[in-house]
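Chemist: Take a look at the following structure, please.
The values are calculated or read from the model by the stated rules, or taken from the named source; none is laboratory data. Small disclaimer: the values here were computed from a predicted structure and weren't measured. Here the Cβ positions follow ideal geometry from the backbone for every residue, glycine too, while neighbour counts run over all protein chains shown.
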Amino acid sequence: MGRTAASLLREALETVGVRYTFGIPGVHNTEIYDELESSPTITPVLVTDEGGGAFMADAVSRSGASLGTLVIVPAAGVTHAASGIAEAFLDGIPMLVIAGGIRRDTGRRYQLHDVDQHALLKPITKATWLVERHADVIPTIYEAVRVATSGEPGPVFVEIPVNLQLIAGDAGSVPAFHGPVAREARCTAADLETAARLLAAAKSPGIYVGWGAVDATREVTTLAKRLGAPVSTTLQGLSSFPAKHPLHAGFCLGRAAVPAAENAFQDCDCLLAVGARFGEIATGSYGYEPPANLIHVDINPAVFNANYPARVALEGDSAAVLSRLVEVLPDIPQAVARGGEVAGRIARDKAAYLEAWFAHSPKGRVNPARFLSALRQRLPDDALVVVDDGNHTFLAAELLPIHQPRGFISPTDFNCMGYCVPATIGAKLARPAAQVVGIVGDGAFRMTGLELATASALRLGVIVFVFNDGELAQIAQAQQVPYNRKTCTVLGPLDLAGVAQATGAAFAHIADDAGIDGGLQEAFSVAATGRPVLVDVAVDYSKRTRFTEGIVKTNLERFDLPTRTRLIGRALWRRVTG
Ligand SMILES: Cc1ncc(C[n+]2csc(CCOP(=O)(O)OP(=O)(O)O)c2C)c(N)n1
Ligand SMILES: [Mg+2]
């Protein structure tokens, strides 16, 4: 007797360890949903919008618990999910996207949802497959999972035509699943020796870590100590090195970095970059120029020499490469004293930066540094903080210390607003015992805030803090000086208490600094009962982040003189004319 593709798919998903699928049923996948309903290990989650579903799946993968998976309808589900798939693609996050497909056995044209899904997804997935026979279902899923999780991870797409789901067929023989490919170092011993020599000879070595180092924290910590070197992080890799460590300098490099990182890397003459790509955000719009002695470690060789030339490129899994580097690194006698000096300066710079933020008058609103410090005090070290894209992202990156790998989840290079609320849900599903909180701008909240209804339905005690400033601040702040006006960045009113009520979430309001402790107390105690909480934070955005200041300067300086003159002239003229 034959089997349906839906039953075969369920077997494959169970074998590869999928725990949750996200999506919405439609005529091309109800057979799959019916199978999943009977699965003892997989829970199919109904989302409000497939876009939210894709962000949830992304966050499941980023949490490190299991492979984020979508089960969606063809075409319309795929286009809705595309933002989350693209976010995973540019950020190197594994994701399995499964959609039903039109009937391939009837010869009919103008079927429902009939567009070329593979063409749609080609630029934002590592690979796509169309399953054409029952016997191919399981091997295709195994291969798709292997591709998604090997090398630099990323999303993959499998289309299963509905006729294969409805009509049973020959399943063939089921192959064994071998699990993920072993992660290894692919660099040569000679290159490792050269890297070790350069690091040992450096006067002021530094380490810069991205998301690619998130599973190499132990090795990075060993190296930092052996070198007496500061560690800075990218935005996505914020959690790759614990903020508690005395050599943790903080977010970014160069003038867009927090002062502790800018200063610690001022004289850096040998930079060890691990799992970082020197992308636009990670470098503050390319405002940082690495030293000639750049040692670049990455699993994806395409990142080497892409933006900055590497003196030594070490290909491979970051933990594997670094543990070999540690083995060949000679003892560096001056490292202890150097590390002590570096750590002392970092501590002073961090304290001064925080002081400057505390001193900034919040004018009857919530000082972001005070809020984030109070939040940190309530969060256990293993909490997960999920952010969106906006000014609040960089405030969190600069002012909220993160102590454990994967403890900070941010949509980075695709940089898609609307990520936070659904990703908070995905993270909580993946790590139910952990405290999971989201920080989202009021603009981004509008995009996917209705997924709070999904959190309520699932009884997830997540807390979503809406940084409510009435503006699309990250862009509005950038408009202020050059245009002296804010076109399409001032938001109309939105009743957040009403949204909370409508979605079944509890509501709290933090109106000023005096309300921070009470508001947090209320939110945390309600969330502990398994109910989501929406917290309206009347945040004060009148002080800019180092990141925003840095990128504005860098971008202005990069223009040629006539362009710069025209832009400055326009700004001055608008100041005068209003
Ligand atoms: C889907 C999408 N649309 C537009 C943008 C451009 N953008 C980046 S940050 C930002 C402002 C976000 O505003 P808000 O969510 O209120 O956060 P805030 O900056 O105020 O903290 C905008 C519009 C984007 N990144 N993604
Ligand atoms: Mg805003």
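Chemist: Take the conditions among the charged types (D, E, K, R) and at pLDDT 95 or above and apply them to ASP560. Does it pass? Steps first, answer last, please.
Modeler: On the way: among the charged types (D, E, K, R): yes; at pLDDT 95 or above: no.
When the stated conditions are applied, ASP560 does not pass them.
Chemist: Among the residues of segment 462-508, which ones are touching a helix residue (DSSP H, G or I) at 6+ places or on another chain (Cβ under 7 Å), without any contact (Cβ under 8 Å) to a residue 60 or more places away in the chain and away from ligand 1 (no atom under 16 Å from the Cβ)?
Modeler: Those that are touching a helix residue (DSSP H, G or I) at 6+ places or on another chain (Cβ under 7 Å), without any contact (Cβ under 8 Å) to a residue 60 or more places away in the chain and away from ligand 1 (no atom under 16 Å from the Cβ): THR503, GLY504, ALA505, ALA506, PHE507, ALA508.
Chemist: Just for segment 379-396: of the residues that are away from ligand 2 (no atom under 16 Å from the Cβ) and surrounded by 15 or more Cβ atoms within 10 Å (Cβ to Cβ), which one is farthest from PHE414 (Cα to Cα)?
Modeler: Applying the filter and picking the extreme gives LEU379.
Chemist: Of all residues in segment 111-134, how many are among the hydroxyl-bearing types (Ser, Thr, Tyr) and either in a loop (DSSP other than H, G, I, E, B) or crowded, with 24+ Cβ neighbours inside 10 Å (or both)?
Modeler: Final tally of qualifying residues: 1.
Chemist: Next question, about the same structure. Quick one: in segment 295-309, of everything that is touching a residue at least 24 places away in the same chain (Cβ under 8 Å) and crowded, with 21+ Cβ neighbours inside 10 Å, which residue is nearest to GLU193 (Cα to Cα)?
Modeler: The residue in question is ILE295.
Chemist: Still on this model: Condition test on PRO333, is it under 29 Å from the mean Cα position of the chain (by Cα) and either polar (S, T, N, Q) or on the phi < 0 side of the Ramachandran plot (or both)?
Modeler: On the way: under 29 Å from the mean Cα position of the chain (by Cα): no; either polar (S, T, N, Q) or on the phi < 0 side of the Ramachandran plot (or both): yes.
So PRO333 does not fit the description; no.
Chemist: Output the number of residues of segment 428-447 satisfying the condition of being within 16 Å of ligand 2 (Cβ to nearest atom) and free of Cβ contacts under 8 Å to residues at least 24 places away in the same chain.
Modeler: Going through segment 428-447 one residue at a time, the tally reaches 0.
Chemist: Select from segment 320-361 the residues that are over 21 Å from HIS248 (Cα atoms) and charged (D, E, K, R) and write down the one among them that is surrounded by the most Cβ atoms within 10 Å (Cβ to Cβ).
Modeler: So the residue we want is ARG324.
Chemist: Go over the candidates ARG108, ARG103 one by one and state the one that is basic (Lys, Arg), assigned to a loop (DSSP other than H, G, I, E, B) and surrounded by fewer than 16 Cβ atoms within 10 Å (Cβ to Cβ).
Modeler: One residue alone meets the criteria, ARG108.
Chemist: Within segment 470-486, can one find any residue that is closer than 20 Å to LEU452 by Cα, over 28 Å from the mean Cα position of the chain (by Cα), more than 12 Å from ligand 2 (Cβ to nearest atom) and not aromatic (Phe, Trp, Tyr)?
Modeler: no
Chemist: Could you say whether any residue in segment 435-442 is more than 22 Å from ALA397 (Cβ to Cβ) and either in contact with a Lys or Arg (Cβ under 7 Å, 6 or more places away or on another chain) or surrounded by fewer than 22 Cβ atoms within 10 Å (Cβ to Cβ) (or both)?
Modeler: no
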